[in-house]
Structure formats: structure tokens, C-alpha cells
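Asker: Can you read through this structure? Questions will come right after.
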Amino acid sequence: KNEVEQSPQNLTAQEGEFITINCSYSVGISALHWLQQHPGGGIVSLFMLSSGKKKHGRLIATINIQEKHSSLHITASHPRDSAVYICAAAHNTDKLIFGTGTRLQVFP
Amino acid sequence: DSGVTQTPKHLITATGQRVTLRCSPRSGDLSVYWYQQSLDQGLQFLIQYYNGEERAKGNILERFSAQQFPDLHSELNLSSLELGDSALYFCASSVGGLPGSTEAFFGQGTRLTVV
């Protein structure tokens, strides 16, 4: 079993839909990162959080430390949100353990 | 633009060869991280340097080595290349030395194809 699990692996949505991507981890963490990887391959850091909730534009990330679970929400999804979303757990601050990613496709 | 520069963007080479990937971190960032992303393994942490010193090591093969120079740019050297080394190699940088506690900024990656 991977130390960081994401679900779903693939997600298809219509433009405007509300999207949720889940991340569960089994290790102790100091922070959890959400990353976005576009079809061209580049990776962008979306959020780093260790408690509660963060919001940036249409993106919201939440984390529940007790349940070892984080979610990434996208409101009013748009085709340009199509990408692979990766969560990464910062394990005891010395390394990042990555989930396998969720491939999101948003159709107009 | 993350401010992290990786060169080259693409590299095609033959098995048994040696290549060097280069990374220039964001201005002011002291840490450089190297990651490998292959189709079947996802993103894997290779190695981290902080202000010229090796800070943490991940799943890096003995055929691979890295260093960080006084101007803080870093190079990842891959030798005796095998077909299975074909992957995207990412560099990231951050201000601090602890990957869990500071945001990392990623370069665009180097796509290595070994034929």
C-alpha cells in the first residue's frame, strides 16, 4: 500500500462542475502539498498546508490531520483546469512522498 | 514562470552514455531538489542540496550523482544510461532546507529519452 493515496485516478467533468480530489496518507506529516502538472509537463505548486483550509481563486484545499486526509476542490471548473493534480506529504520535514496523481479533464 | 530554470528541455541519448542536467534555482533559494518522474513510478525524490551541501537522499541510483555549486546552481549527472532511465527529471528550489515546511518551485523539467 502506498503511503500517499489519491482518488480518483481519473476524473472527467463538464465545465462549471464542482470537483473534489482526495488524498489520504498513512505517515506522520509536517505539511501537505498540492501540485498541478499541465500536459506540457511543468509542475506548479498550488498549496502547502498543515491545518485547516486555504483558498486561492477557485481552488480550495482542506486538511484533516486527525483523519490523515486532504481534499482539493475546484469550483466552477474550466477546461484550462485540465491537468494532473498531485498531492505530496512532507514526511517529518525531510522528504516529500508523492501520490500517483489524479488526471482531470474538463470538457466545454 | 517559477523562476527555476532547467536545461536542456529535451535530451535523447544512447544506452551506456552519460548526460548532465542543469538547474538554476530561484534567486535567493538555497535548496535544490531533484526528482524523477517515469510513467510507471510517478514522482520520486532523488536528492536535495542545501547551500552546497547534500541534505537528503532518496531513491537515487549509484550511477547518478549531483552537486550544487557556489553560485547555487546544481547539476545532476546520469551515467551508464539504461532504457529505464528515460523519464522527466525535475528540479525544484526553495528558500529553506526543510522540504516539508517551505513551498518549492519547480522547473519545467528535462525530458530524457534513452534509445
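Asker: If you filter the stretch B:1-79 for trypsin sites (Lys or Arg not before Pro), then keep DSSP loop positions with at most 16 other Cβ within 10 Å, what is left?
Answerer: When the trypsin sites (Lys or Arg not before Pro) of the stretch B:1-79 are filtered for loop state and at most 16 Cβ neighbours within 10 Å, B:Lys9, B:Arg18, B:Arg63 remain.
Asker: Which residue, A:Leu49, A:Leu96, A:Ala83, has the largest displacement toward the positive end of the dipole of chain A when charges sit on each Cβ (Lys, Arg +1; Asp, Glu -1)?
Answerer: Most positive-ward Cα: A:Leu49.
Asker: How big is the stretch B:10-115 in terms of Cα radius of gyration and Dmax, in angstroms?
Answerer: 13.1, 39
Asker: A follow-up question, please. Please list 3J(HN,Hα) in residue order for the stretch B:17-30, calculated via the Karplus relation 6.51 cos²θ - 1.76 cosθ + 1.60 where θ = phi - 60°; whole Hz, with x for glycine and proline.
Answerer: Values per residue, Gly and Pro as x: 7, 10, 9, 10, 9, 10, 9, 10, x, 4, 4, x, 7, 9 Hz.
Asker: Let me ask you something else. What percent of all Cα-Cα pairs in the protein assembly as shown falls into each 10 Å bin, going from 0 up to the bin containing the maximum distance?
Answerer: Once binned at 10 Å, the Cα pair distances of the protein assembly as shown give 8, 34, 35, 19, 4.
Asker: What lysines sit close enough to A:Lys95 to cross-link, taking a C-alpha to C-alpha distance under 19 Å and skipping anything fewer than 8 places away on the same chain?
Answerer: A:Lys1, A:Lys68, B:Lys57
Asker: Of all GluC sites (Glu not before Pro) in the stretch A:6-101, which ones are in loop regions per DSSP and have a Cβ with at most 11 other Cβ atoms within 10 Å?
Answerer: Answer by residue number: A:Glu67.
Asker: Assign unit charges at the C-beta atoms only (+1 for Lys and Arg, -1 for Asp and Glu), then state the dipole size of the stretch A:1-76 relative to its Cα centre in Debye, rounded to the nearest 20.
Answerer: It works out to roughly 240 debye.
Asker: Then there is this: What is the pair-distance distribution P(r) of chain A, computed from all Cα-Cα distances in 10 Å bins starting at 0, with each bin given as a whole percent?
Answerer: Going out from 0 Å in 10 Å bins, chain A shows 16, 50, 29, 5, 0 percent.
Asker: Here's another thing I want to ask about it. Rounded to the nearest 20 debye, what is the charge dipole size of chain B about its Cα centre when +1 sits on each Lys and Arg Cβ and -1 on each Asp and Glu Cβ?
Answerer: Around 160 debye, computed over chain B.
Asker: Nothing charged except the Cβ atoms of Lys and Arg (+1) and of Asp and Glu (-1): what's the magnitude of the dipole of the protein assembly as shown about its Cα centre? Round to the nearest 20 debye.
Answerer: Taking the Cα centre of the protein assembly as shown as origin, the dipole is about 260 debye.
Asker: Right, next: What base-10 log of the normalised intensity I(q)/I(0) is obtained for the stretch A:43-97 from the Debye formula, alpha carbons as equal point scatterers, at q = 0.13, 0.26, 0.31 Å⁻¹?
Answerer: -0.36, -1.22, -1.45
Asker: Taking B:Lys9 as the anchor, which aspartates and glutamates have their alpha carbon closer than 18 Å to its alpha carbon, excluding any fewer than eight residues away along the same chain?
Answerer: Excluding near neighbours in sequence, the set is B:Asp1, B:Glu75, B:Asp85.
Every number here is computed from the coordinates shown, using simple stated rules; none is lab data. Bear in mind that the values here come from a model prediction, so they are computed numbers and not experimental data. With ideal geometry, Cβ positions are generated from the backbone for all residues, glycine too; neighbour counts draw on all protein chains shown.
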